[in-house]
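**Student:** Quick one: this structure, given as structure tokens, is what I'll be asking you about.
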Amino acid sequence: MTCTAILTRFRERLEHLLGLVFPEGHQSLLEEVLRRRCGRRSQESYLAELETTYDPEEIAKLASELTVGETLFFRHSAQLQTFLQLAVPQRLKARQSLRRLSILSVGCSSGEEPYSLAMLLRQNFALQDWNVQILGVDVNRKALATARRGIYSNWSVREAPELLLKRWFHPKADQFQLDKNILEAVQFEERNLNLANHDLWLSGRWDVIFCRNMLMYFAFDKARQLVSNFARSLSDGGYLFLGPADNLRGISEDFTLHYRDESFYYQLKSPDSGPPAAQAAPARRIPSAPVPRPVQPTGLRTDLLKDLLESERYAQALELLESLPASAERSLWKASVLVNSGKLEAAEQLCQTLLHQPQTEAGAHLLLGLCRREVGELGAARGYFEQAARLDGQLALARVYSGMVLRRLGLSALARTHLRQALTLLEKESEQRLLLFGGGYRRSAWFSLCQSELERCPKP
Ligand SMILES: C[S@@+](CC[C@H](N)C(=O)[O-])C[C@H]1O[C@@H](n2cnc3c(N)ncnc32)[C@H](O)[C@@H]1O
């Protein structure tokens, strides 16, 4: 058993070296990796070395053990449609005289994302006389080796459109070998995005940057640094695509957020779009802390509340909350109890007052979604749930509810994305938030629900 002080040092070092945050729930993984990496050395001497030297070999090994590389071809397809129908045509127009198009896939893992982009470009545009660069970067050496090999399982291509599967993949035993033309269209580089990487971020270098499903693992200040590099290196009007659980709230004001179909994207503000509001009030431009999470109102006994919710004694739960000092958080808990007890009108009124307060904004959206869902307005419910998920990328139940509603709306691919995301987020979601937004059901019940929802999503 590793002592807490050693683990804390290891965790802090990992954040410093890789930019990644490992929440409490990852203790056993960290213990295991630390034990393996120490080998015969003492933990003390291993950590001392990690704290004083930057050894790229060691970083590569740590990254291969600790990073989450989950990915697939044509992931988040609605976003790829935006890339295809909007971003590429606009960038080709902007780059007409140079005839150069540059696309960066940050945190590309085993290559499925940049290869998907290459296939979409090949399939839809005649770019023979263009200089097209697609670069995938990642710190995980093993994942990059897989990318360069280009052999993938059935599982990796499960969402690939039939036409593209037939055109660009060659069956090889029970796997698929990517076509040489696509392999050659993408370069890969091993990069730790937590380092300066000056050459990657030269001014105006990129037309489009994909950084999906990586920022959510980054420490807040590291994410802010990385996104400022994106802003510096994108050309005017360049596009940034983030994963569904990522957002730029509090991280950057250099981008405009747009919604299109079932996805969102960011576009770099042009220099002549006027000074950002923050220039008049610099203190607000880069808040020094992440978006606040709803916290427990002073004096709240969550154990008592849990008992009351589980036994559906809502009037008593409201009484308990009334006895606490007034605060936005207390109102959010009250709204949650009102939703659970079916008092939707009162819940919605209360939520409206909480929509513009940072610590309750995401939660209020989620509860409004539940109210709309209750009266059968699935489209409106979906809007609220998705907004809650965007406002707070770690809010597991926003993903669960989005996934459920999307499935009922027949949007299976999107539903699956949300439900899989939910399964990851549920692992680290706090008990308190599960109670606040989940009406007293246990974590295991939410896992089972997500699994069964996933099984009920028709395969494409
Ligand atoms: C979940 S995968 C995302 C793959 C792909 N972008 C997608 O959305 O399907 C996250 C990737 O970020 C990479 N990553 C995490 N920390 C990194 C760092 N400091 N530098 C470079 N890559 C990093 C991981 O190695 C992993 O491959």
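**Student:** Which of the helices (runs of 4 or more DSSP H) found entirely inside the range 1-108 contain at least 2 residues meeting this: among the polar types (S, T, N, Q)? If you could, list the steps in order and put the result at the bottom.
**Tutor:** Numbers: elements: 4-18, 27-38, 43-52, 56-66, 77-82, 88-94.
Filter on the range 1-108 gives 4-18, 27-38, 43-52, 77-82.
**Student:** Which helices (runs of 4 or more DSSP H) does the range 257-367 wholly contain that include 3 or more residues that are modelled with pLDDT under 85?
**Tutor:** Once the helices (runs of 4 or more DSSP H) in the range 257-367 are filtered for at least 3 residues that are modelled with pLDDT under 85, what remains is 277-280, 282-285, 302-310.
**Student:** Here is a further query. Could you tell me whether any residue of the range 71-94 is among the β-branched types (Val, Ile, Thr) and under 30 Å from Ser270 (Cβ atoms)?
**Tutor:** The answer is yes, given that some residue of the range 71-94 is among the β-branched types (Val, Ile, Thr) and under 30 Å from Ser270 (Cβ atoms).
**Student:** A follow-up question, please. Is it true that some residue in the range 105-122 is more than 16 Å from the ligand (Cβ to nearest atom), over 26 Å from Leu240 (Cα atoms), touching a residue at least 12 places away in the same chain (Cβ under 8 Å) and not assigned by TED's automatic domain parsing to the domain that holds Ser412?
**Tutor:** No: the range 105-122 contains no residue that is more than 16 Å from the ligand (Cβ to nearest atom), over 26 Å from Leu240 (Cα atoms), touching a residue at least 12 places away in the same chain (Cβ under 8 Å) and not assigned by TED's automatic domain parsing to the domain that holds Ser412.
**Student:** Residue by residue through the range 203-224, note down the ones that are under 19 Å from Lys269 (Cα atoms), within 11 Å of the ligand (Cβ to nearest atom) and open to solvent by 10 Å² or more (accessible area, probe 1.4 Å).
**Tutor:** Matches in the range 203-224: none.
**Student:** Name the single residue that is farthest from Glu429 (Cα to Cα) among those in the range 354-373 being among the small types (Gly, Ala, Ser) and touching a Ser or Thr at 6+ places or on another chain (Cβ under 9 Å).
**Tutor:** Gly369
**Student:** Could you list, in sequence order, all residues of the range 225-249 that are within 9 Å of the ligand (Cβ to nearest atom) and either within 17 Å of Leu395 (Cβ to Cβ) or open to solvent by 10 Å² or more (accessible area, probe 1.4 Å) (or both)?
**Tutor:** Result: Gly243, single match.
**Student:** Run Arg35 past the list (1) under 18 Å from Val139 (Cα atoms); (2) open to solvent by 50 Å² or more (accessible area, probe 1.4 Å) and report the number of the one that doesn't hold.
**Tutor:** Result: Arg35 fails condition (1) only.
**Student:** I'd like to know if the range 55-64 contains one or more residues that are among the basic types (Lys, Arg) and surrounded by 15 or more Cβ atoms within 10 Å (Cβ to Cβ).
**Tutor:** Scanning the range 55-64 turns up at least one residue that is among the basic types (Lys, Arg) and surrounded by 15 or more Cβ atoms within 10 Å (Cβ to Cβ).
The values are calculated or read from the model by the stated rules, or taken from the named source; none is laboratory data. Values in this document were obtained by computation on a predicted structure and should not be read as measured data. So basically every Cβ, Gly included, is an ideal-geometry build from the backbone, and we count neighbours across all protein chains shown. The area values use the complete protein model at the heavy-atom level, side chains included, leaving out ligands, DNA and RNA. Shrake-Rupley method; radii C 1.70, N 1.55, O 1.52, S 1.80 Å.
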